[in-house]
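The values are calculated or read from the model by the stated rules, or taken from the named source; none is laboratory data. None of these values were measured; they are calculated from a predicted model. When we count neighbours, we look across all protein chains shown, and the Cβ atoms used for this are built from the backbone with ideal geometry, even at glycine. Only protein heavy atoms, including side chains, enter the accessible area calculation; ligands, DNA and RNA are left aside. Shrake-Rupley method; radii C 1.70, N 1.55, O 1.52, S 1.80 Å.
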Amino acid sequence: KGRPFTLTIVGRELNEGTKIWSTMPASFTAMAPEKTGPMLEGRYASFLVEPKEELAVGVYPIRVTTPDGLSNIQFFAVGSFPELSEEESRPGALPNSNDGVESAQSLPSTPVTLNGMLRGAERDVFRVSGKAGEKRVFEVEARRVGSAIDPVVRVLDASGKMIARSEDTPLLGLDSRVEVTFPREGYYYVELHDARYSTQGYNYYRLKTGAYQYPKEIFPLGGQRGKQVAVSFSPTQKVTADLTKVGEKEKQIFVNLPDSPSLPVPFAVGDDPEVTEPVTAALAVPVTVNGKLSQPAEIDKYQLQVSPGDALTLRIEARELGTSKLMAVITAYDEKGTKIGRSGDEPLAEDFFNVNQSRTAGDPMLRLDVPEGVKTLTVTVEDLALRGGPGYAYRLNAQKLAQDFKITLNVPYVNVPQGGSVAVPVTVERRGFDGDVQLRVVNAPQGLKVEGGYVVAGAPVKENARNRNSRGVLVVSSEPGATVGPLELSIEGVGTLPNGQQMVRKAEGPGIVVGVNGATLQGSVDRQRPLTAYWLNLDLPAATTEPLPATVEVSLVGRKRMEEGDELKFRWKFTGKQENLPYPKSVSADMVGAGDVRVIDARQDPKDPSTGTFLMTTTKLTRPSKYDVIVTGRMMRNGQTDEIVSRPIQIEIEEVKSANVAASGSGR
């Protein structure tokens, strides 16, 4: 913190015109490359970084922009201790050279931050000296700084006996922290490993050690936009969160103890009026209640002023904020004590088209209609496992909202090939609204064309009170030779309510997406969820890039009505930028949002390898609707795989009736 440094970016095509985009308060000045040669051209770019005075301890995004497009984001952590590197992680070092106490790397007794890497099923061990009664904190930054490892830290004495262990520390998400008091003078060992001994592409960590203060818990978990909110980290640790200048897009800021070397803690930002427990009077809606289950098995109760027929949405924010251990259950009762709704302990919705059901539920949401004659609701909050104590805070939000939906982008940025197309996958989280949604880009500049984005009404699955998701795909295409960006594309979804009123919702960008190995084997539980950063408040960063070697089109050339559904015949056609290109022998095809659809009989034309056909079949489980159909082909170029995406075509699937008779035809 506060010192100039040299930042070196490693990648490809980092040629002249490479710039740094970052929210870090600092200047970035390009430096002449130190490493030269034909094999190194475009592989490195170095910058002199001169931080400004207001640079605080925290995590900052860094992205490269070039004349040929955007890079992904890497996180850069700024600390207040001197920095050093793990010897095993230096270029040319022997692997597994500090995996035991005999070969442990020594750390100084002064505060320090060590930068290291875990290469698969290994341990990193470090030796420190301590005095009797001395206190020392060992904290690992990994997931919080964009790494995919799930760190475990152990502290051992000289005999190898464990005196402390940490995994998934409160306020740190999956990161770890221990504070120990050394019982006697001598050497101690700090051992780090991944919780699953997994091999990750993003495998770095920062081990911070010293004697310092840090937030132990936080209450409340958030506050109302435009307000100054008193925040407690402990009975003696209090700060003020200033939400008076928070932007409309921001749903989270970060707060910290003054001068603490620990990374700041997330703090939610809401728009409704807020109250803090204890609450005795009935509350008007909308409202957000900040509460905490202070004791095991505690059940908090609140009364809401309602009217018969009101459509209410009750939502808990806790575990998903990363600052609470609460697995919440919310229940609503009428004046007579009759239960009229509950959420948080029901099974996840059955998805017939997803064989992997190993998923972790998020914070609960309850939608209900107030019964006739009811003017007061009692809402309770409890923990699923009847836990409570420090770290079990929550935010209970109540709104009069019958139908709603939320849109999230599944990619953090796009590079649109000149003269080509790129697919932007989107998830629509349905919160009571089951109609079709049309996606759109509201600020597409000249040179970019946006198509597709039709999100089909709710899928035919067994439903319960939890949220349901639907898929959509926008296709962004660039005119040949167009140069656009970098810019942020603003994406919206439009749904129509039964009364004809339109409901418009803005999409949220993930900021980053870091894949975590193991997700396909064990399901999307917390440890395997891709790492995202919605707190960056980015839409969809986009820019044009160099043309791809070919484009591809898809067309409907035949349709046969069968007893069980439709048999649709499609043709793909590649158009190359040069002769004798090795065209793909097949393509991937997607009827976006359709259930129970098969793609079969893909055949490349033996006389013309640039084209081919495939069949799509539907069944009675395929919902009658309009659908976007998109194909993707993959071609190799300079050792990299290019995805060639078609512009979408739209088809309509009709209801299957037993009286239907098979017939041949073609159409669009």
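Of the residues LYS339, LYS292, LYS301, which is open to solvent by 40 Å² or more (accessible area, probe 1.4 Å) and touching an Asp or Glu at 6+ places or on another chain (Cβ under 9 Å)?
Numbers: LYS339 fails: touching an Asp or Glu at 6+ places or on another chain (Cβ under 9 Å); LYS301 fails: touching an Asp or Glu at 6+ places or on another chain (Cβ under 9 Å).
After applying the criteria, what remains is LYS292.
Here are some residues: SER324, SER262, SER307. Which one is in a loop (DSSP other than H, G, I, E, B) and surrounded by fewer than 16 Cβ atoms within 10 Å (Cβ to Cβ)? Talk me through it step by step, then tell me what you get.
Details: SER324 fails: surrounded by fewer than 16 Cβ atoms within 10 Å (Cβ to Cβ); SER262 fails: surrounded by fewer than 16 Cβ atoms within 10 Å (Cβ to Cβ).
One residue alone meets the criteria, SER307.
Among the residues in segment 412-433, are any within 27 Å of MET635 (Cβ to Cβ), of a type in the set (Gly, Ala, Ser), open to solvent by less than 40 Å² (accessible area, probe 1.4 Å) and not in a loop (DSSP other than H, G, I, E, B)? Walk me through how you get there before you give the answer.
Initially, segment 412-433 is screened for residues within 27 Å of MET635 (Cβ to Cβ), giving 412-426.
Going one step further and asking which of them are of a type in the set (Gly, Ala, Ser), we end up with 419-421, 423.
Pick out the ones that are also open to solvent by less than 40 Å² (accessible area, probe 1.4 Å) and you get 419-421, 423.
Restricting the remaining residues to those that are not in a loop (DSSP other than H, G, I, E, B) gives 421, 423.
Taking every residue of segment 412-433 in turn, at least one turns out to be within 27 Å of MET635 (Cβ to Cβ), of a type in the set (Gly, Ala, Ser), open to solvent by less than 40 Å² (accessible area, probe 1.4 Å) and not in a loop (DSSP other than H, G, I, E, B).
Per-residue answers, yes or no, for (1) more than 26 Å from TYR392 (Cα to Cα); (2) surrounded by 23 or more Cβ atoms within 10 Å (Cβ to Cβ):
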{"position": "ALA142", "(1), (2)": "no, yes"}
{"position": "LYS161", "(1), (2)": "yes, no"}
{"position": "ARG165", "(1), (2)": "no, no"}
{"position": "LEU174", "(1), (2)": "no, yes"}
{"position": "VAL178", "(1), (2)": "no, no"}
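If I ask for residues that are closer than 20 Å to GLN200 by Cβ, among the acidic types (Asp, Glu) and assigned to a loop (DSSP other than H, G, I, E, B), which ones from segment 145-184 would you list?
Within segment 145-184, ASP150, ASP168, ASP175 qualify.
Out of the residues in segment 76-114 that are open to solvent by 30 Å² or more (accessible area, probe 1.4 Å) and part of a strand (DSSP E or B), state the one that is nearest to ASN410 (Cα to Cα).
Of everything passing the filter in segment 76-114, PHE76 is nearest to ASN410 (Cα to Cα).
Hey, among the residues in segment 633-644 that are closer than 27 Å to LEU439 by Cα and open to solvent by 30 Å² or more (accessible area, probe 1.4 Å), which one's farthest from the chain's Cα centre (by Cα)?
That would be ARG634.
How about segment 1-53: which strands (runs of 3 or more DSSP E) wholly inside it have at least 2 residues that are among the small types (Gly, Ala, Ser)? Working first, answer last.
Working: elements: 5-10, 19-22, 26-30, 44-51.
Where strands (runs of 3 or more DSSP E) fall fully within segment 1-53 and carry at least 2 residues being among the small types (Gly, Ala, Ser), they are 26-30, 44-51.
Of everything in segment 269-286, what is surrounded by fewer than 19 Cβ atoms within 10 Å (Cβ to Cβ) and aliphatic (A, V, I, L, M)? Give them in sequence order.
Answer for segment 269-286, where residues must be surrounded by fewer than 19 Cβ atoms within 10 Å (Cβ to Cβ) and aliphatic (A, V, I, L, M): VAL275, VAL279, ALA281, ALA282, ALA284.
Within segment 400-411, count every residue that is assigned to a loop (DSSP other than H, G, I, E, B), under 14 Å from the mean Cα position of the chain (by Cα) and either among the β-branched types (Val, Ile, Thr) or within 28 Å of LEU368 (Cα to Cα) (or both).
So in segment 400-411, the residues assigned to a loop (DSSP other than H, G, I, E, B) come out as 401-403, 410-411.
With under 14 Å from the mean Cα position of the chain (by Cα) added as a condition, the list becomes 410-411.
From the residues that got through so far, the ones that are either among the β-branched types (Val, Ile, Thr) or within 28 Å of LEU368 (Cα to Cα) (or both) too are 411.
Count: 1.
Out of all the residues in segment 534-569, which are of a type in the set (A, V, I, L, M), in a loop (DSSP other than H, G, I, E, B) and open to solvent by 40 Å² or more (accessible area, probe 1.4 Å)? Don't jump to the end; show me each part of the working.
In the first step, residues of segment 534-569 are kept if they are of a type in the set (A, V, I, L, M); the result is 536, 538, 540, 542-543, 548, 550, 552, 554, 556-557, 562, 568.
Remaining after also requiring in a loop (DSSP other than H, G, I, E, B): 538, 548, 562.
Answer for segment 534-569, where residues must be of a type in the set (A, V, I, L, M), in a loop (DSSP other than H, G, I, E, B) and open to solvent by 40 Å² or more (accessible area, probe 1.4 Å): just MET562.
Please specify each residue of segment 595-632 satisfying the condition of being over 29 Å from ASP436 (Cβ atoms), in a strand (DSSP E or B) and open to solvent by less than 40 Å² (accessible area, probe 1.4 Å).
The initial filter retains those residues of segment 595-632 that are over 29 Å from ASP436 (Cβ atoms), namely 601-613.
Checking which are in a strand (DSSP E or B) leaves us with 601-604, 611-613.
Correct list: THR611, GLY612, THR613.
Based on what the data block shows, is THR575 at pLDDT 90 or above, under 28 Å from MET616 (Cβ atoms) and open to solvent by 10 Å² or more (accessible area, probe 1.4 Å)? Full working, then the answer.
Details: at pLDDT 90 or above: yes; under 28 Å from MET616 (Cβ atoms): yes; open to solvent by 10 Å² or more (accessible area, probe 1.4 Å): yes.
Yes: the conditions hold for THR575.
If you scan segment 146-177, which residues turn out to be closer than 20 Å to PRO266 by Cα and out of contact with any Leu (no Cβ under 7 Å at 6 or more places or on another chain)?
Matches in segment 146-177: SER147, GLU167, THR169, PRO170, LEU171, LEU172, GLY173, LEU174, ASP175, SER176, ARG177.
Does segment 47-71 hold any residues that are buried (at least 17 other Cβ atoms within 10 Å of the Cβ) and within 21 Å of GLU13 (Cβ to Cβ), and which are they?
Listed by number, the residues that qualify are PHE47, PRO61, ILE62, ARG63, VAL64, THR65, THR66, GLY69, LEU70, SER71.
Do you know which of the residues in segment 1-43 that are open to solvent by 60 Å² or more (accessible area, probe 1.4 Å) and in contact with a Lys or Arg (Cβ under 8 Å, 6 or more places away or on another chain) is farthest from LEU536 (Cα to Cα)?
My answer is LYS35.
Looking for something over 30 Å from THR199 (Cα atoms), modelled with pLDDT of 90 or more and crowded, with 18+ Cβ neighbours inside 10 Å - is there at least one such residue anywhere in segment 509-518? Don't jump to the end; show me each part of the working.
Here is the first cut: in segment 509-518, the residues over 30 Å from THR199 (Cα atoms) are none.
Within segment 509-518, none of the residues are over 30 Å from THR199 (Cα atoms), modelled with pLDDT of 90 or more and crowded, with 18+ Cβ neighbours inside 10 Å.
Looking at segment 51-82, which of its residues are among the charged types (D, E, K, R) and modelled with pLDDT of 95 or more? Working first, answer last.
Keep residues of segment 51-82 that are among the charged types (D, E, K, R), which gives 52-54, 63, 68.
If the condition is that a residue be among the charged types (D, E, K, R) and modelled with pLDDT of 95 or more, then ARG63 is the only one that fits.
For segment 264-280, how many residues are hydrophobic (A, V, I, L, M, F, W, C) and closer than 16 Å to LYS238 by Cα? Spell out how you get there, then give the answer.
Of segment 264-280, the ones hydrophobic (A, V, I, L, M, F, W, C) are 265, 267-269, 275, 279.
Checking which are closer than 16 Å to LYS238 by Cα leaves us with 265, 267.
So the answer is 2.
Working only within segment 185-197, note down all residues that are closer than 17 Å to LYS135 by Cα and part of a strand (DSSP E or B).
Hits for segment 185-197 are GLY186, TYR187, TYR188, TYR189, VAL190.
Please give the number of the condition ARG647 fails out of (1) part of a strand (DSSP E or B); (2) at pLDDT 95 or above; (3) under 36 Å from the mean Cα position of the chain (by Cα).
Single failed check for ARG647: (1).
Please count how many residues of segment 190-234 are open to solvent by 50 Å² or more (accessible area, probe 1.4 Å), at pLDDT 95 or above and aromatic (Phe, Trp, Tyr).
1
I'd like the full set of residues that are of a type in the set (A, V, I, L, M, F, W, C), out of contact with any Asp or Glu (no Cβ under 7 Å at 6 or more places or on another chain) and under 15 Å from THR276 (Cβ atoms), limited to segment 202-223. Break it down into steps so the answer makes sense when it comes.
The first filter runs over segment 202-223 and keeps only residues of a type in the set (A, V, I, L, M, F, W, C), leaving 207, 211, 218-219, 221.
Narrowing further to those that are out of contact with any Asp or Glu (no Cβ under 7 Å at 6 or more places or on another chain): 207, 211, 218-219.
Hits for segment 202-223 are ILE218, PHE219.
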